[in-house]
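The values are calculated or read from the model by the stated rules, or taken from the named source; none is laboratory data. These numbers were taken from a predicted model, which means no experiment stands behind them. With ideal geometry, Cβ positions are generated from the backbone for all residues, glycine too; neighbour counts draw on all protein chains shown.
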Amino acid sequence: MSSFFLTFDTETSRVISYQSSVDSEADLRGMIQAHNPTWDISPVEEDDALTAYMIQVDGVWQQRQKHELIASWSAESVAADGASEIVLSPLPIPCTVYLDNDVVVVEDGSLEFATEAVGFYRVMVNEPAYLLKEWTINAV
Amino acid sequence: MQYKATKSDSAVERVKAKREVLLKKPQLELEAWIDTNIEDIDDVKDYLKRLSRVVKSQIKFEG
């Protein structure tokens, strides 16, 4: 009888993978931590595995389900004049936003985007507690 | 937080070339536009700049 387990990094709380295993939880944990001492595992239902995340509460790791990010853009296109702005909010605090090849940590829950360069910009938020969300912004 | 995005000059020129509304027109329509709108040397210069941007976006030059 196999069971499903999440593997996660206790330093970042990121889920690294999920897999089925016939080994006991203790045996599997031992094998994984032999190679990666900061990793841990958590039993999970197969259907929940893709949308699970780990959070430490009072020193104990708890498994929870990601929820939808409610942040949205004030508009999906912006004039590429360097002054016009569109806003992505409300973001979790803090929140890492990936913009093309750039990584920005937003600490105030709101990203005001401007540019002088026309083109499409790919924007992504992939916070542990939220489902991954992507947008394409058009600067015209 | 304010964020000002950038792209390389070549990426911007490629996007501008792809979004060139004039050169997207069918050839006969484009020729009619030229007959109607190209009146002086400044019009020619402007048209050549638009044309060269599109051409350059299609060619990978050597050297």
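Here are the numbers for this structure:
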{"read-out": "Boolean, residue B:51 is within 15 Å of the chain's Cα centre (by Cα) and more than 14 Å from every other protein chain (Cβ to nearest Cβ)", "value": "yes"}
{"read-out": "Any chance residue B:36 is without any contact (Cβ under 8 Å) to a residue 24 or more places away in the chain and under 21 Å from residue A:117 (Cβ atoms)", "value": "no"}
{"read-out": "Among the residues listed as A:43, A:37, the single one being closer than 24 Å to residue A:7 by Cα, assigned to a strand (DSSP E or B) and in the same structural domain as residue A:9 (by TED's automatic domain parsing)", "value": "A:43"}
{"read-out": "Conditions (1) in contact with a Leu (Cβ under 7 Å, 6 or more places away or on another chain); (2) more than 16 Å from residue A:137 (Cα to Cα): number failed by residue A:88", "value": "(2)"}
{"read-out": "Flag if residue A:76 is modelled with pLDDT under 95, exposed (fewer than 14 other Cβ atoms within 10 Å of the Cβ), under 22 Å from residue A:122 (Cα atoms) and more than 20 Å from the chain's Cα centre (by Cα)", "value": "yes"}
{"read-out": "Residue A:108 vs. criteria loosely packed, with under 14 Cβ neighbours inside 10 Å and at pLDDT below 95", "value": "no"}
{"read-out": "Those residues of the range B:34-63 which are among the basic types (Lys, Arg) and loosely packed, with under 12 Cβ neighbours inside 10 Å, in sequence order", "value": "B:45, B:49, B:60"}
{"read-out": "Long-range neighbours under 8 Å by Cβ, at least six apart or interchain, first residue at the interface with chain B (Cβ under 7 Å from one of its Cβ atoms) within the range A:97-126, second of a type in the set (S, T, N, Q) and part of a loop (DSSP other than H, G, I, E, B)", "value": "A:114/A:84; A:115/B:6; A:117/B:6"}
{"read-out": "Residue match in the range B:20-35 (condition: under 30 Å from residue A:86 (Cα atoms) and basic (Lys, Arg))", "value": "yes"}
